[in-house]
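What follows is one structure encoded as C-alpha cells, with my remarks underneath.
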Amino acid sequence: MEDDGSRSGSAGRAAAIVGAGPAGLYALAALVRSERFERIDVFEAAPAPYGLVRYGVAPDHPKTRNISRVLARGFEHTRVRFLGNVSVGRDVTVDELRAGYDAVVVSTGMLGDRRLGIPGEDLPGSYGASELVAWYTGHPQARAVELPANLTSATVIGAGNVALDIARILAKDAATLRTTSMPRHVVDALAASTVTDVHLVARRGPAQAKFTSPELHELGALDGVDLVVDPADLVLGPADEEAVAQNRHAKVTVDVCREWSERPATGAPRRIHLHYWRRPARILGETAVTGIELEPTRDADAPVLTLPTQLVVRAIGYHGRPIPGLPFDEAGGTVPSQDGRVLAHGAVVAGVYVTGWLRRGPTGVIATNRGDANEVTESVLADLDTLPEPPSDPDSVDKLLAERGVRVVTWADWLRLESHEKATGDAAGGDPIVVHDLATALEVIDAAG
C-alpha cells in the first residue's frame, strides 16, 4: 500500500501527559489500554506524583489518599515513564512537546483560587484555600504560611468540603495530626496556634451548601470543639423546602445543622461557628488582617456583622492559571476545548488535548476524572492516524532537559522518596510523612540511590 503521509500503525508513536494527578493518570490508564503507543511520558512539576490526591486531600483522610495505589498502576508498564520536577512552560515548552510527541494531553488541574474582589483581600493573613492546603499537605511549591502570633479567630469563606477541611484542620487538636502525613513543621505550627474560634461563612443557606455527609458528621464529632449555629439561619423558605424535599444531601445538611444548633455549649476550648446567609464585604486591617465585615444576603434589614479575626481563607473555588503556549479562558480558568481537543480562536490545535479541571472547571470528585479521561482518550485515538508528519521524537525532549540542566525525578527516584517517607512515618507510629521541600527530596533520592 502506498504511504499517504499520515501516521499509521503503532510503531514509534509517543504521547506526553502533562500533570500526574488523577486526571492525568486516568488518561494514562486509558492510553495504555489502547495499546496504540510505544511510549508514554508523564511530566509533573512536583517531584512526586498524584497531584491533589497527595497535595489536596486532607492529611487526616488517609483512606481517600489511598487511591494513589490505583493511580500508580500505569507506571508498571515499561513503555511508561515518569518525569518529575519538570515544569512545562518553564523547563520545556508546549511547542517543544508537540514537536516530540504525537499527542500531548494537558491535565495540570487548577493551581489558583477565585478571588473575593473586596477591599483588604491582599492583606497579610488573607489566603486562598489552595495556598493553605498546599502548606498543610506539603507541596514543595507552597507559599510560606505563617499563622499570626496573636491568632484567636480564623474565618473561612465557602460552603464546600474544602472549606470544611480547612476549618477542621484549624480547630482540631494538633496532637491528633502527628500520626498523619502532614509535615512536622506544619503540625508544630498548628500545635502552637492560639486559635479559639473558627468562623465558616456561606452566602446561601444550609439547603444550598455543597458539604457532603461524611465531612459534616466528622466536623460534628471533633473532640474539644463546640459547634455554634444560629437557629434563625435554619429557617427555610419555599425554595429551601423544595431543595430539601428533592435532594437527600440538602436534607442531611439541614438536619445536621439543626442538631448542632440544639447542642448545649460544653465550654470546649475551641468553637466552630457556621454563619449562613452572609458574604464578606470588606477585610479590615492596615498592616495585617484584624477583622472582616459580613453583609446579609437574605434579610436586607439585618445589620452588617463585624467579626474580629486575624486569618481569612477564601474557599470559594479553584481557578486555573495560564500555561505558556496554550490558549486560556481567564473568566472560567480553563483551556478552551471541544471533546478534549484544545481550541485556539475556535480552531483545533492539532495533537493537543486537555482533561480534568483544566477542561471542565473544578467540579466533581476524584473518580469524575476517569470518565473525563476516557472521553478525551477517544478523541486522541480518533485523531491519531490523521495527524501530520513528522513522526514523534520524544528523545529530543530528553536532550533539551539535559542541556538545560533540569534534574528529572524518575519513577525509581520517586519510589526511593516514597520509601523514605514511609520509614519516617513508621518511626513516628503513623502514616508516611511528606517531604515538603524539593532540596530535601532530592537529597533523600540521591542518598538512597
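The values are calculated or read from the model by the stated rules, or taken from the named source; none is laboratory data. The model shown is predicted, which means the values in this text are computed figures rather than measured ones. Positions of Cβ are generated from backbone atoms using ideal geometry, with glycine treated the same way; all protein chains shown enter the neighbour counts.
From the residues in the stretch 213-235 that are part of a loop (DSSP other than H, G, I, E, B) and surrounded by fewer than 16 Cβ atoms within 10 Å (Cβ to Cβ), which one is nearest to the chain's Cα centre (by Cα)? First the steps, then the outcome.
Of all residues in the stretch 213-235, those part of a loop (DSSP other than H, G, I, E, B) come to 221-224, 230, 235.
Filter once more, so that each one left must be surrounded by fewer than 16 Cβ atoms within 10 Å (Cβ to Cβ): 221, 223-224, 230, 235.
Details: ALA221: 25, ASP223: 27, GLY224: 28, ASP230: 31, VAL235: 34 Å.
Checked the stretch 213-235; the qualifying residue nearest to the chain's Cα centre (by Cα) is ALA221.
Residue check, SER396 against (1) outside any helix (DSSP H, G or I); (2) closer than 30 Å to ALA439 by Cβ; (3) out of contact with any strand residue (DSSP E or B) (no Cβ under 7 Å at 6 or more places or on another chain), all met but one. Which one?
(1)
Does VAL244 satisfy being assigned to a helix (DSSP H, G or I) and of a type in the set (Val, Ile, Thr)?
Numbers: assigned to a helix (DSSP H, G or I): yes; of a type in the set (Val, Ile, Thr): yes.
Criteria met by VAL244.
In the stretch 200-212, which residues are more than 22 Å from the chain's Cα centre (by Cα) and either part of a strand (DSSP E or B) or among the small types (Gly, Ala, Ser) (or both)?
Passing the criteria: GLY205, ALA207.
Within the stretch 343-363, how many residues are exposed (fewer than 14 other Cβ atoms within 10 Å of the Cβ) and over 13 Å from ASP102 (Cα atoms)? Walk me through how you get there before you give the answer.
As a first pass, look at the stretch 343-363 and keep what is exposed (fewer than 14 other Cβ atoms within 10 Å of the Cβ): 344-347, 350, 363.
This time we only want the ones that are over 13 Å from ASP102 (Cα atoms), so: 344-347, 363.
Selection size over the stretch 343-363: 5.
Would you be able to say whether some residue in the stretch 13-31 is surrounded by fewer than 20 Cβ atoms within 10 Å (Cβ to Cβ), at pLDDT below 95 and in a loop (DSSP other than H, G, I, E, B)?
Looking for residues that are surrounded by fewer than 20 Cβ atoms within 10 Å (Cβ to Cβ), at pLDDT below 95 and in a loop (DSSP other than H, G, I, E, B), one finds none in the stretch 13-31, hence no.
Select from the stretch 178-198 the residues that are touching a Ser or Thr at 6+ places or on another chain (Cβ under 7 Å) and hydroxyl-bearing (Ser, Thr, Tyr) and write down the one among them that is farthest from VAL225 (Cα to Cα). Working first, answer last.
Here is the first cut: in the stretch 178-198, the residues touching a Ser or Thr at 6+ places or on another chain (Cβ under 7 Å) are 194-197.
In the following step, the residues that additionally are hydroxyl-bearing (Ser, Thr, Tyr) were identified as 194, 196.
Working: THR194: 14, THR196: 9 Å.
Result: THR194.
How many residues does the stretch 159-178 contain that are within 14 Å of the chain's Cα centre (by Cα), part of a helix (DSSP H, G or I) and not β-branched (Val, Ile, Thr)?
To start, the set of residues in the stretch 159-178 that are within 14 Å of the chain's Cα centre (by Cα) comprises 160-163, 165-166.
Restricting the remaining residues to those that are part of a helix (DSSP H, G or I) gives 161-163, 165-166.
Going one step further and asking which of them are not β-branched (Val, Ile, Thr), we end up with 161, 163, 165.
Number of matching residues: 3.
What number of residues within the stretch 255-289 are among the β-branched types (Val, Ile, Thr) and surrounded by 20 or more Cβ atoms within 10 Å (Cβ to Cβ)?
Going through the stretch 255-289 one residue at a time, the tally reaches 3.
Which one is surrounded by the fewest Cβ atoms within 10 Å (Cβ to Cβ) among residues in the stretch 401-423 that are touching a strand residue (DSSP E or B) at 6+ places or on another chain (Cβ under 9 Å) and in a loop (DSSP other than H, G, I, E, B)?
This residue is ARG404.
Any residue in the stretch 219-240 that's more than 25 Å from THR194 (Cα to Cα): show its pairings with residues that are surrounded by fewer than 14 Cβ atoms within 10 Å (Cβ to Cβ) and at pLDDT 95 or above at Cβ separation under 7 Å, as long as the two are six or more apart or on different chains.
LEU234/ARG258
Could you count how many residues in the stretch 109-137 are in a loop (DSSP other than H, G, I, E, B) and touching a helix residue (DSSP H, G or I) at 6+ places or on another chain (Cβ under 6 Å)? Outline the logic, then answer.
Restricting attention to the stretch 109-137, the residues satisfying the condition of being in a loop (DSSP other than H, G, I, E, B) are 109-111, 114-125.
Still in the list and also touching a helix residue (DSSP H, G or I) at 6+ places or on another chain (Cβ under 6 Å): 109-110.
Total satisfying the criteria: 2.
Which residues, counting only those in the stretch 67-108, are touching a helix residue (DSSP H, G or I) at 6+ places or on another chain (Cβ under 9 Å) and among the basic types (Lys, Arg)?
ARG73, ARG79, ARG81
So, LEU387, is that one within 27 Å of GLY351 (Cα to Cα) and either in contact with a Leu (Cβ under 9 Å, 6 or more places away or on another chain) or surrounded by 12 or more Cβ atoms within 10 Å (Cβ to Cβ) (or both) or not?
Numbers: within 27 Å of GLY351 (Cα to Cα): yes; either in contact with a Leu (Cβ under 9 Å, 6 or more places away or on another chain) or surrounded by 12 or more Cβ atoms within 10 Å (Cβ to Cβ) (or both): yes.
Yes.
Restricting to the stretch 54-103, and then to whatever is hydroxyl-bearing (Ser, Thr, Tyr) and either free of Cβ contacts under 8 Å to residues at least 24 places away in the same chain or in a helix (DSSP H, G or I) (or both), can you tell me which residue is surrounded by the fewest Cβ atoms within 10 Å (Cβ to Cβ)? Lay out the reasoning, then the answer.
First pass over the stretch 54-103, keeping only residues hydroxyl-bearing (Ser, Thr, Tyr): 55, 64, 68, 78, 87, 93, 101.
Narrowing the set further to residues that are either free of Cβ contacts under 8 Å to residues at least 24 places away in the same chain or in a helix (DSSP H, G or I) (or both) leaves 55, 64, 68, 78.
Numbers: TYR55: 23, THR64: 15, SER68: 18, THR78: 7.
Top of the filtered list is THR78.
Every residue in the stretch 412-433 that is over 15 Å from ALA48 (Cβ atoms) and either in contact (Cβ under 8 Å) with a residue 12 or more places away in the chain or touching a Leu at 6+ places or on another chain (Cβ under 6 Å) (or both), please. So that I can check it myself, show each step before the final result.
Filtering the stretch 412-433 down to residues over 15 Å from ALA48 (Cβ atoms) leaves 423, 426-430.
Once the filter is applied, which keeps residues that are over 15 Å from ALA48 (Cβ atoms) and either in contact (Cβ under 8 Å) with a residue 12 or more places away in the chain or touching a Leu at 6+ places or on another chain (Cβ under 6 Å) (or both), the stretch 412-433 yields ALA428, GLY429, GLY430.
Just to be sure I understand, how many residues within the stretch 241-288 are of a type in the set (Asp, Glu) and closer than 21 Å to PRO308 by Cα?
In the first step, residues of the stretch 241-288 are kept if they are of a type in the set (Asp, Glu); the result is 241-242, 255, 259, 262, 286.
Now restrict to residues that are closer than 21 Å to PRO308 by Cα: 286.
Selection size over the stretch 241-288: 1.
Output the strands (runs of 3 or more DSSP E) that fall wholly within the stretch 283-331 and possess 1 or more residues being more than 18 Å from GLY117 (Cβ to Cβ), of a type in the set (D, E, K, R) and at pLDDT below 95, or say none.
On the way: elements: 291-296, 305-308, 311-314.
Ranges flagged: none.
Does THR440 satisfy the condition of being in contact (Cβ under 8 Å) with a residue 24 or more places away in the chain, surrounded by fewer than 17 Cβ atoms within 10 Å (Cβ to Cβ) and under 27 Å from the mean Cα position of the chain (by Cα)? Show your work before the answer.
Details: in contact (Cβ under 8 Å) with a residue 24 or more places away in the chain: no; surrounded by fewer than 17 Cβ atoms within 10 Å (Cβ to Cβ): yes; under 27 Å from the mean Cα position of the chain (by Cα): yes.
Here the answer is no, as THR440 does not meet what is asked.
Tell me the residue from GLY158, GLY220, GLY128 that is at positive phi and touching a strand residue (DSSP E or B) at 6+ places or on another chain (Cβ under 9 Å), please.
On the way: GLY220 fails: at positive phi; GLY128 fails: at positive phi.
Step by step, each of GLY158, GLY220, GLY128 is checked, and only GLY158 is at positive phi and touching a strand residue (DSSP E or B) at 6+ places or on another chain (Cβ under 9 Å).
Here are some conditions: (1) buried (at least 18 other Cβ atoms within 10 Å of the Cβ); (2) polar (S, T, N, Q); (3) modelled with pLDDT of 95 or more. ASN369 meets all but one. Which one does it not meet?
All conditions pass for ASN369, except number (3).
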